[in-house]
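Written out below as structure tokens is the structure these notes cover.
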Protein chains: 8
Amino acid sequence: MVKAVLLINTEMGTDEKVFEKLKELPQVKAVYMVYGLYDIVAVIETDDMDQLREIVYKHVRSSPYVRSTLTMIVVNESEKK
Amino acid sequence: MVKAVLLINTEMGTDEKVFEKLKELPQVKAVYMVYGLYDIVAVIETDDMDQLREIVYKHVRSSPYVRSTLTMIVVNESEKK
Amino acid sequence: MVKAVLLINTEMGTDEKVFEKLKELPQVKAVYMVYGLYDIVAVIETDDMDQLREIVYKHVRSSPYVRSTLTMIVVNESEKK
Amino acid sequence: MVKAVLLINTEMGTDEKVFEKLKELPQVKAVYMVYGLYDIVAVIETDDMDQLREIVYKHVRSSPYVRSTLTMIVVNESEKK
Amino acid sequence: MVKAVLLINTEMGTDEKVFEKLKELPQVKAVYMVYGLYDIVAVIETDDMDQLREIVYKHVRSSPYVRSTLTMIVVNESEKK
Amino acid sequence: MVKAVLLINTEMGTDEKVFEKLKELPQVKAVYMVYGLYDIVAVIETDDMDQLREIVYKHVRSSPYVRSTLTMIVVNESEKK
Amino acid sequence: MVKAVLLINTEMGTDEKVFEKLKELPQVKAVYMVYGLYDIVAVIETDDMDQLREIVYKHVRSSPYVRSTLTMIVVNESEKK
Amino acid sequence: MVKAVLLINTEMGTDEKVFEKLKELPQVKAVYMVYGLYDIVAVIETDDMDQLREIVYKHVRSSPYVRSTLTMIVVNESEKK
């Protein structure tokens, strides 16, 4: 299992479209629309590095509404229910 | 209820100390140690803006191991269980 | 009441159009065209987080002349008359 | 008359000290403690470039609590009372 | 007299066009095409802030080949012949 | 002989096209598609500064799929076989 | 096998010490001292993510001469002999 | 002959010390103290890459007042007398 945090900048005015699209991907465990240096933060969980690559390159970076992504692989984590 | 995503840079070599400290704060819903531009990502949930301010300024920014923080208030969110 | 400072980069050559548009929004309390890393700084005051979100997403980020925005929520402030 | 917007990062845990100090300078027309990439935003108004230089270098940058400053000279402005 | 250093990023593949155009402006005292975070560095000298503003906004930022500019007003200088 | 490391950001969804193109240039000694702040890292070795300039400006920066490049000249190096 | 590119900023004046230390680590396949936004670029190859983590956190980030690191996991690569 | 533009950030409050020191180096052809993202801009001219390296690493980066430097090698230039 591989987890990653994506920091996403969207094309101006398309924040909600990107948010809605990400929400529907089963590998996206959480997605936040935020105020600040980035527009959207997504937590992604995949089976392995190959599936992560597919999600990031085929489903996120290929979107015309996504201006840039910063993918950070998770090294250690703690989540509360 | 107010939610925020914190992007944290730690002093070199103290990543784990900061990770462990954040994990214990009840308002920290998730914390990730990551590879990339930032060292730690934390999702924080508080009752209101005043409590968020206390967590960020009293518990995170005042730590000698935290070099810088970037706080992004959540506008919209979707989390899967 | 919620206050925020917006740091805005405009599309090249449209600085004045964005400046004029922001000036007319009643929630924009001050707007500065500046030399430096950002092109325009705006101080915005709204009734609540929902209204701020409307201003930022509907009136600023949706403009074709706005290239990027960085929204920073004000925690504490002092203004002189 | 010269106006400038300063974006300030403070040493961790000293945000309030810097905020209080800036508040007392007569040339500081507004000062905001913010969440985000910067910690404090100050709007400064001086008689000329020499006085601005004195404020920025002698009163802000020489403070041990100020980690970095980004000074942006105002080209055009609009303020509401 | 006002002096400023401009750090310019050009649209990919137009570096030389921007360099040649800047070279011909009489207020551009020096212009360097560089490897690194920026593509072109220009040193500009004008009679006053209004003329600087005209050069930066009318002649540089309005160019379709200029992607972004960062204008830094010179506070103190030393040049050797 | 001159060596340089290029940090490249590609237009969204064109990472592989840029990777494949760089791979075929004989002066590109190594090329990495990466997760993070940059999309592609290339190590380039040329006979002199003029040839480096040709590679960077004619072959990389002129590509419609390359959004930005950051060229860093190598001062000192160690490579293992 | 996991590969990563590290972009490193060193404490001023310690570039060579960090370069020499990295050179000696068997997992560091190439290391470059560069001019630019970063000071040192290292290409690291480890058996798995756990070993990478050990190298990055125990051997690089814990060094008193390393000011910051940006670790980018390699997704795809091509190296010429 | 090699030319480079250095963008320098100084330790808070030491801008003038660094400016004065750079002014005295014969290889520093121009030095500007500026408002903005950087504190000092220096134009350096040396006989070759080795001498540039000596200036940058021995005379600038080793100074306790210099916080960071960004060295950009000049590819093409035009200077007016």
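Summed for both chains, how many Å² of accessible area, to the nearest 100, are buried between D and C with a 1.4 Å probe? Please report the intermediate quantities before stating the final value.
On the way: alone 5650 and 5630 Å², together 8700 Å².
Looking at D and C, the buried total is near 2600 Å².
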Partner lysines whose C-alpha sits under 17 Å from that of G:K29, ignoring same-chain residues fewer than 8 away, are F:K3, F:K29, F:K80, F:K81, G:K3, G:K21, G:K80, G:K81
Could you do me a favour and compute the accessible area per residue for segment C:2-73, 1.4 Å probe, result in Å²? 34
Relative contact order [Cα under 8 Å, 6+ residues apart], segment D:2-73, whole percent: 48
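What average count of beta carbons from other chains do you get within 10 Å of the Cβ of residues in G:38-48? Write down the numbers at each step before the final one.
Working: counts 5, 7, 3, 7, 1, 7, 0, 1, 0, 0, 0.
Per residue, the number of nearby Cβ atoms from other chains is 3 on average.
Summarise the accessible area of chain C (1.4 Å probe, protein heavy atoms) by the percent that is carbon and sulfur. If you can, show how the numbers build up before the last one.
On the way: 1450 of 3130 Å².
After summing per-atom areas, the C and S share lands at 46 percent.
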What is the angle, in °, between the Cα long axis of helix E:15-24 and the longest principal axis of the Cα atoms in chain E? Nearest 10 is fine, range 0 to 90. 30
Which stretch or stretches of segment D:38-61 have amide N atoms under 13 Å from the point lying 7 Å from C:S78's Cα along the Cα→Cβ direction? D:41-43
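What does the average come to when, for each residue of peptide C:16-25, you count the partner chain Cβ atoms lying within 10 Å of its Cβ? Walk me through the numbers on the way to the answer.
Details: counts 3, 0, 0, 4, 2, 0, 1, 5, 1, 0.
Rounded to a whole number, the mean comes out at 2.
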If you line up the Cα atoms of segment A:34-81 on their principal axes, what length do they span on each, largest first, in Å? 32, 29, 18
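Kirkwood-based Rg over Rh for the protein assembly as shown (C-alpha set), two decimals? Don't skip to the end; give the middle numbers.
Numbers: Rg = 23.7 Å, Rh = 25.4 Å.
Across the protein assembly as shown, the Cα-based Rg/Rh ratio is 0.94.
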When only alpha-carbon atoms count, how far does segment E:2-73 stretch along each of its three principal axes, as whole angstroms with the largest first? 33, 20, 19
Taking the alpha-carbon centre of each part, the distance from segment B:1-76 to segment F:1-70 in Å is 36
Over chain F, with a Gaussian network built from C-alpha contacts below 10 Å, which listed residue (F:D39, F:D50, F:D15) shows the highest mean-square fluctuation? F:D50
Please build a GNM for chain E, connecting alpha carbons under 10 Å apart, and tell me which residue among E:M12, E:M33, E:M49 fluctuates the most. E:M12
About the Cα centre of the protein assembly as shown, what is the dipole size in debye to 20, counting +1 per Lys and Arg Cβ and -1 per Asp and Glu Cβ, all else neutral? 0
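The values are calculated or read from the model by the stated rules, or taken from the named source; none is laboratory data. From a predicted model like this one, the values you see are computed outputs, not experimental measurements. FYI the Cβ positions are ideal-geometry reconstructions off the backbone, even for glycines, and counts take in every protein chain you see. Surface areas here come from the heavy atoms of the whole protein model, side chains and all, with no ligands, DNA or RNA. Shrake-Rupley method; radii C 1.70, N 1.55, O 1.52, S 1.80 Å.
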